[in-house]
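Inspection log for the structure reproduced underneath, given as structure tokens.
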Amino acid sequence: MSIRHGLLALLSRGPRYGYQLRAEFEACTGATWPLNIGQVYTTLSRAERDGLVEPGETDEQGRVVYRITEAGRAEVGRWFGTPVAPSDRPRDELVIKLAMAVAAHPDALSVIQAQRTATMRTMQELTRAKRQADGDLAHRLVLDSMIFHAEAELRWLDHCEKGLS
Amino acid sequence: MTLLTLESVSRTYGEVKALDGVDLTVAAGELVAVMGPSGSGKSTLLNLAGGLDRPSSGTVAVAGEDLARVRDLAALRRRSVGYVFQELNLIHSLTAVENVMLPRELDGVAARQARQEALAVLDEVGLREQAEAFPDELSGGQRQRVAIARALVGERRLVLADEPTGALDTATGDEILTLLRARADAGAAVLLVTHEPRYAAWADRVIFLRDGRIVDASLLESAR
Ligand SMILES: Nc1ncnc2c1ncn2[C@@H]1O[C@H](COP(=O)(O)OP(=O)(O)O)[C@@H](O)[C@H]1O
Ligand SMILES: [Mg+2]
């Protein structure tokens, strides 16, 4: 899920304390995904168990700094390289991924382009289905809804890209 | 069968690299859409594909013929290539059917036959009734369909359309795409420039241009 990937993406910029990760996560994603500090530590300890992060020094207040491992970097790379499929999308995942890409990926444009290609492919399939759904109005309207949704996503991706350049 | 081939095609205007090392093929029966921000080289690509402009380097071939070696480029354009532009370039003193006949007459086809062919294509685009109307008597969508009929007449196998949906409303835009799609399904190669995702989605393939280059989706492909 994307809390884990979001935290890994932030750690790919350098070691962080849990409270820093929480603040940066919320700063990147705006109000779309508030996190509590408990979620951050649970996520970090599971990621540590899976070998994706490792704890470093503890400061005077007993806080632990975390750094990302090679396996963790590979996992972030895979996440950014895999477009969100329309079927398994909690809508926010794309927003989170793009926010993280802009904040932490060395080539956010390529993440945007990969998503654009995938979303356009979806839209081509929907449009083909609509051509074949000739007589059936209800079916066509459902397809229209999905087409508009994909269209909005493409416009938003263009908008993200403009913001980068 | 491949009807259009671009190999490492570049086009520079002074300092500006309008197109930079583009490779592209379009096969018979295929509708390919080109998307990209303003200034990314879409129109340049289309003009080169239709022999309206020459590449600074690289080769463009239409139906296997290298355009740099063709003796009578104008004739090849009239016979094999149909263009639809956003500015329609209809001749206002000619009726719809006369506009559509024009490229065939230029090609030496007898007026009688050219007229019959033009009427058949006007029928195909749903304008049989308006054949004798002048452009000013038609709606924007009807004028655009006349322009498309003119691009299709004479069975031209490569159709190039640069923002053909221009300022048309959605329903009219869909009609235009229906026509282009039908022509591809009937065996033409169609290359369509558009900035509207909903029209690009009619294509078999969508390519994205950025700063004169085709953007690849390697990140996507490598994750598959
Ligand atoms: N005839 C020309 N002379 C000089 N520069 C040109 C000419 N045609 C196009 N360009 C430049 O080449 C680039 C691509 O233009 P164009 O192909 O028209 O882009 P698009 O159709 O994607 O908006 C732009 O920077 C444009 O200014
Ligand atoms: Mg243009």
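Miscellaneous remarks
- Among the residues of segment B:2-19, those that are over 28 Å from B:Ala184 (Cβ atoms) and part of a strand (DSSP E or B) comprise B:Thr12, B:Tyr13, B:Val16, B:Lys17.
- Set side by side, the residues A:Leu98, A:Leu126 differ, and just one is within 16 Å of A:Glu153 (Cα to Cα), touching a Cys at 6+ places or on another chain (Cβ under 9 Å) and either open to solvent by less than 20 Å² (accessible area, probe 1.4 Å) or part of a helix (DSSP H, G or I) (or both), which is A:Leu98.
- A:Phe80 among the aromatic types (Phe, Trp, Tyr), free of Cβ contacts under 8 Å to residues at least 24 places away in the same chain and open to solvent by less than 30 Å² (accessible area, probe 1.4 Å): no
- When B:Val9, B:Val16, B:Val84 are screened for being more than 16 Å from ligand 2 (Cβ to nearest atom) and among the hydrophobic types (A, V, I, L, M, F, W, C), only B:Val9 passes.
- No other residue among B:Gly108, B:Gly58 is in a strand (DSSP E or B) and either more than 16 Å from ligand 2 (Cβ to nearest atom) or open to solvent by 40 Å² or more (accessible area, probe 1.4 Å) (or both) apart from B:Gly58.
- Exactly one residue among A:Ser145, A:Ser110 is polar (S, T, N, Q), in a helix (DSSP H, G or I) and more than 9 Å from chain B (Cβ to nearest Cβ), and that residue is A:Ser145.
- The C-beta contact set for segment B:39-52 (first residue within 14 Å of another protein chain (Cβ to nearest Cβ), second residue within 13 Å of ligand 2 (Cβ to nearest atom), distance under 6 angstrom, 6+ apart or interchain) comprises B:Ser40/B:Leu209.
- Every listed requirement among (1) farther than 20 Å from A:Leu8 by Cβ; (2) within 14 Å of chain B (Cβ to nearest Cβ) is met by A:Gly62 save one, (2).
- Test for B:Ala133: is it in a loop (DSSP other than H, G, I, E, B), open to solvent by less than 30 Å² (accessible area, probe 1.4 Å) and more than 30 Å from A:Thr119 (Cβ to Cβ): yes
- From the options B:Asp66, B:Asp23, B:Asp53, residue that is within 16 Å of ligand 2 (Cβ to nearest atom), open to solvent by 20 Å² or more (accessible area, probe 1.4 Å), among the acidic types (Asp, Glu) and within 19 Å of the chain's Cα centre (by Cα): B:Asp53
- When segment B:157-172 is limited to residues that are open to solvent by 20 Å² or more (accessible area, probe 1.4 Å) and part of a loop (DSSP other than H, G, I, E, B), the one that is nearest to B:Thr194 (Cα to Cα) turns out to be B:Glu163.
- Residue within segment B:167-189 that is within 16 Å of ligand 2 (Cβ to nearest atom), out of contact with any strand residue (DSSP E or B) (no Cβ under 7 Å at 6 or more places or on another chain) and at pLDDT below 90 present: yes
- Those residues of segment A:64-77 which are assigned to a helix (DSSP H, G or I), of a type in the set (A, V, I, L, M, F, W, C) and surrounded by 21 or more Cβ atoms within 10 Å (Cβ to Cβ), in sequence order: A:Val76
The values are calculated or read from the model by the stated rules, or taken from the named source; none is laboratory data. Keep in mind it's a predicted model, so treat the numbers as computed, not measured. All Cβ positions, glycine included, derive from the backbone under ideal geometry; neighbour counts span all protein chains shown. For the accessible areas, the whole protein counts, side chains as well, though only heavy atoms, and no ligand, DNA or RNA atoms are used. Shrake-Rupley method; radii C 1.70, N 1.55, O 1.52, S 1.80 Å.
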